[in-house]
1. Considering only residues that are farther than 22 Å from G47 by Cβ, among the hydroxyl-bearing types (S, T, Y) and either without any contact (Cβ under 8 Å) to a residue 60 or more places away in the chain or within 13 Å of the ligand (Cβ to nearest atom) (or both), which ones fall in the range 59-110?
2. Taking the condition within 13 Å of the ligand (Cβ to nearest atom), at pLDDT 95 or above, under 23 Å from L21 (Cβ atoms) and not aliphatic (A, V, I, L, M), does R128 pass?
3. Consider L21 carefully, then state whether it is among the hydrophobic types (A, V, I, L, M, F, W, C), within 13 Å of the ligand (Cβ to nearest atom), surrounded by 18 or more Cβ atoms within 10 Å (Cβ to Cβ) and under 17 Å from D109 (Cα atoms).
4. Touching a residue at least 40 places away in the same chain (Cβ under 8 Å) and under 10 Å from the mean Cα position of the chain (by Cα): is that true of P10 in this structure?
5. Condition check: open to solvent by 40 Å² or more (accessible area, probe 1.4 Å), at pLDDT 95 or above, among the small types (G, A, S) and closer than 16 Å to R3 by Cα. Does A179 satisfy that?
6. Say we look at the range 129-139 and pick out the residues that are over 17 Å from the mean Cα position of the chain (by Cα) and surrounded by 11 or more Cβ atoms within 10 Å (Cβ to Cβ); which of these is nearest to V163 (Cα to Cα)?
7. For V166, state whether it is more than 13 Å from the ligand (Cβ to nearest atom) and either modelled with pLDDT under 95 or over 15 Å from the mean Cα position of the chain (by Cα) (or both).
Amino acid sequence: MTRVVLVGPPGAGKGTQATALSQRLNIPHISTGDLFRTHVGEETPLGREAKRYLDSGELVPDAVTNEMVRERLSEPDAKSGFLLDGFPRNTKQAEVLGDILSENEEALDAVIELKVPEDMLVERLLGRGRDDDTEEVIRRRQQVYRSETAPLLEYYSNVLVTVDGVGDVDEVSSRVLDALGKR
Ligand code: ADP
C-alpha cells in the first residue's frame, strides 16, 4: 500500500515522475491539473468553472477542487494506493485530504518534494508548450506555489522527503523509489 503526495513547483517534474512511478508501483496517478484539463476539454460544468483559473494560473476554488478529489479517491482503483500530483496545493486542501483519509482509516505514507533550481523550471515549462505555459501564466503559477503551496513543506514535515529533481527521468525515479523504500 503506497499513498504518496508529490509536491514541487510547476516544472519540477511531478507529472513525469508520477506517470513513471504509477506503472512501476501499479497504483493510479491522480493529477488535479489533468482532471481539470479533461473537464475543460469536455466542457462539463466543472470545466467551464475551472477554465478561467487554469488560463490565469490561479488556483481553482477549494470547494470545487476538494469535491473533485474526494470523488476521485472514492473510486475502487484508489483503494490500493495513489500518487497525488498537484493536490493538495494549500493547507486547507491538505486538511481536507487528511479528513478524507482518516474517514477511511487511511494515512499518507510519504510526501515527496521534488527540488529543482528556479531558472531550470521556467526553461522546462516553456519547452513543454501547454496552453497555459505562457511566460506570464508560468510566472503567476510560480508565485502561487511560493505563497500557497510551499507552506505544505512545513505542514508535512513529519512525512516529508526531499528528492533532487535534477537529472534524467530514470535517475530521478530511482531517487524517489529509494525515498519510498521501494527499491
Ligand atoms: P503545474 O504543476 O505545471 O502548475 P498542473 O497541471 O498541476 O500544472 O496545474 C495547472 C492548473 O490547474 C493550476 O495552475 C490551477 O489553476 C489548477 N489546479 C491544479 N491543481 C489544483 C489544486 N489542487 N487546487 C486548485 N487549482 C488547481
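1. T91, S102
2. Details: within 13 Å of the ligand (Cβ to nearest atom): yes; at pLDDT 95 or above: no; under 23 Å from L21 (Cβ atoms): yes; not aliphatic (A, V, I, L, M): yes.
No: the conditions fail for R128.
3. On the way: among the hydrophobic types (A, V, I, L, M, F, W, C): yes; within 13 Å of the ligand (Cβ to nearest atom): no; surrounded by 18 or more Cβ atoms within 10 Å (Cβ to Cβ): yes; under 17 Å from D109 (Cα atoms): yes.
Here the answer is no, as L21 does not meet what is asked.
4. Numbers: touching a residue at least 40 places away in the same chain (Cβ under 8 Å): yes; under 10 Å from the mean Cα position of the chain (by Cα): yes.
In short, yes.
5. Numbers: open to solvent by 40 Å² or more (accessible area, probe 1.4 Å): no; at pLDDT 95 or above: yes; among the small types (G, A, S): yes; closer than 16 Å to R3 by Cα: yes.
Answer is no for this residue.
6. Here is the first cut: in the range 129-139, the residues over 17 Å from the mean Cα position of the chain (by Cα) are 129, 131, 134-137, 139.
Now drop any that are not surrounded by 11 or more Cβ atoms within 10 Å (Cβ to Cβ), which leaves 134, 137, 139.
Working: T134: 27, V137: 26, R139: 23 Å.
Across the range 129-139, the extreme among qualifying residues is R139.
7. Details: more than 13 Å from the ligand (Cβ to nearest atom): yes; either modelled with pLDDT under 95 or over 15 Å from the mean Cα position of the chain (by Cα) (or both): yes.
Yes; evaluated as a whole, the condition is true for this residue.
Okay, residues lined up against (1) among the β-branched types (V, I, T); (2) in contact with a Leu (Cβ under 9 Å, 6 or more places away or on another chain):
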site: V7; (1), (2): yes, yes
site: G15; (1), (2): no, yes
site: I27; (1), (2): yes, yes
site: G33; (1), (2): no, yes
site: E49; (1), (2): no, no
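The values are calculated or read from the model by the stated rules, or taken from the named source; none is laboratory data. From a predicted model like this one, the values you see are computed outputs, not experimental measurements. Counting neighbours? That spans all protein chains shown, and the Cβs are built from the backbone with ideal geometry, glycine included. SASA here: full protein model, heavy atoms, side chains in, ligands and nucleic acids out. Shrake-Rupley method; radii C 1.70, N 1.55, O 1.52, S 1.80 Å.
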